[in-house]
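Peer 1: Before anything else, here's the structure in question.
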Amino acid sequence: MDCIVFGGSAHPALAGAIAEALGGRLGRLTLTRFPDTELHVEIQETVRGGDVYIVQPTGPPVDQHVMELLFIADACRRAGAVRMTAVVPYFGYARQDRRANGREAIGARLVADLFAAAGFDCLIAVDLHSSALEGFFGLPLEHLSATALLANVIEGVIGRDGIIVAPDLGAVKLAERYSDLLHLPIAIIHKTRLSGEAVRARAVVGEVRGRVPIIVDDMISTGATIEAASRALLDGGAAADMTVIATHALLVGNAIERLAALTLKKILVTDSLALPGRVALPIQVVGLAPMLAEAISRLNVGESLSDMISHR
Ligand code: R5P
């Protein structure tokens, strides 16, 4: 079946790189707004009988990117696409996966339901905030991980005095994966979130004195978690030249200033989200296009992806 790749406005560079890696080009479409701000989507080539992949990380502005994805899918379905896959390297609303205080919406579940309602047959995601989110999706989910890619990049430049640090309890599983891949011990930080932009590191569990921390997380949003972790590690006697590894670099609010004020040696992230142009940070970006293109080409011909999935 013909494989056709579209991209919304969230990350044209990644969508284009995926299409190129697959030996083609991006499908043409227009995204416009009516005067009252309503979105209008029109596909400008035939998708009839095709296997369609729509690349759209649902990062900020999250609602706009979610709606574009749903509208593009609706347009493709109505135009006769036979199969549609959402390629969502970063899934917004993932952190709204439970009710912390009651009387709250569970945004992740609602958006998962909207994907199904729009007619998607499958979802490709990368390093979801938690594996439990897999259960939110009624449609087949290919949950890929960038941990091996990122570990590969960092492997040559870390010494035996390194220590993998989970900056909160939610990152412990991820830290275990990096610990296995890099053969380093683990420390864990007991973090309490005070608000969307403020956290407190209450304690460091593990012997960090004299060691070089490699802080691992699924995402850097405002940078509050990394800032609190870094300060707690310094207080615990860890070396200052720390590394941060995160799949998703949201870098919202004053994250850039916050991270720049720390003693970080390197921040290793992927391009699951479009990064702001020039960032005054020691940031290194690993491209996801080859991995996502490989997943798409296997799905297109019905081949297994099991060796690409390393969450368990
Ligand atoms: C939390 O559970 C996540 O894994 C991240 O630690 C968190 O969302 C990062 O947000 P921020 O950078 O705003 O602290």
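Peer 1: Could you pull out the residue among LEU264, LEU268, LEU259 that is in contact with a strand residue (DSSP E or B) (Cβ under 9 Å, 6 or more places away or on another chain) and within 22 Å of ALA13 (Cα to Cα)?
Peer 2: Being in contact with a strand residue (DSSP E or B) (Cβ under 9 Å, 6 or more places away or on another chain) and within 22 Å of ALA13 (Cα to Cα) holds for just one of LEU264, LEU268, LEU259, which is LEU268.
Peer 1: Let me ask another. Quickly run through region 21-64 and pick out the residues that are of a type outside the set (A, V, I, L, M, F, W, C) and either surrounded by 22 or more Cβ atoms within 10 Å (Cβ to Cβ) or part of a strand (DSSP E or B) (or both).
Peer 2: Of everything in region 21-64, those that are of a type outside the set (A, V, I, L, M, F, W, C) and either surrounded by 22 or more Cβ atoms within 10 Å (Cβ to Cβ) or part of a strand (DSSP E or B) (or both) turn out to be GLY27, THR30, THR32, ARG33, HIS40, GLU42, ASP51, TYR53, GLN56, PRO57, THR58, GLY59.
Peer 1: Hand me the list of strands (runs of 3 or more DSSP E) wholly inside region 198-254 holding 3 or more residues that are under 27 Å from PRO276 (Cβ atoms) and within 9 Å of the ligand (Cβ to nearest atom).
Peer 2: Counting at least 3 such residues, we get 212-220.
Peer 1: Which of the residues belonging to region 255-271 are part of a strand (DSSP E or B) and within 16 Å of GLY162 (Cα to Cα)?
Peer 2: Passing the criteria: LEU264, LYS265, LYS266, ILE267, LEU268.
Peer 1: If you check every pair at least six apart or on different chains, which have Cβ atoms under 9 Å apart with a residue in region 1-27 that is among the hydroxyl-bearing types (Ser, Thr, Tyr) first and a residue that is outside any helix (DSSP H, G or I) and surrounded by fewer than 18 Cβ atoms within 10 Å (Cβ to Cβ) second?
Peer 2: Once the first residue is among the hydroxyl-bearing types (Ser, Thr, Tyr) and sits in region 1-27, its partners that are outside any helix (DSSP H, G or I) and surrounded by fewer than 18 Cβ atoms within 10 Å (Cβ to Cβ) give SER9/LEU31.
Peer 1: How many residues does region 273-296 hold that are within 14 Å of the ligand (Cβ to nearest atom) and touching a Phe, Trp or Tyr at 6+ places or on another chain (Cβ under 6 Å)?
Peer 2: Looking only at that region, the number is 1.
Peer 1: Being in a helix (DSSP H, G or I) and surrounded by fewer than 22 Cβ atoms within 10 Å (Cβ to Cβ) is the filter here, so list the residues in region 1-20 that pass it.
Peer 2: PRO12, ALA13, GLY16, ALA17, GLU20
Read the figures in this text as sums done on the coordinates, not as results from a lab. If you're wondering where the values come from, they're calculated on a predicted model, not measured in any experiment. When we count neighbours, we look across all protein chains shown, and the Cβ atoms used for this are built from the backbone with ideal geometry, even at glycine.
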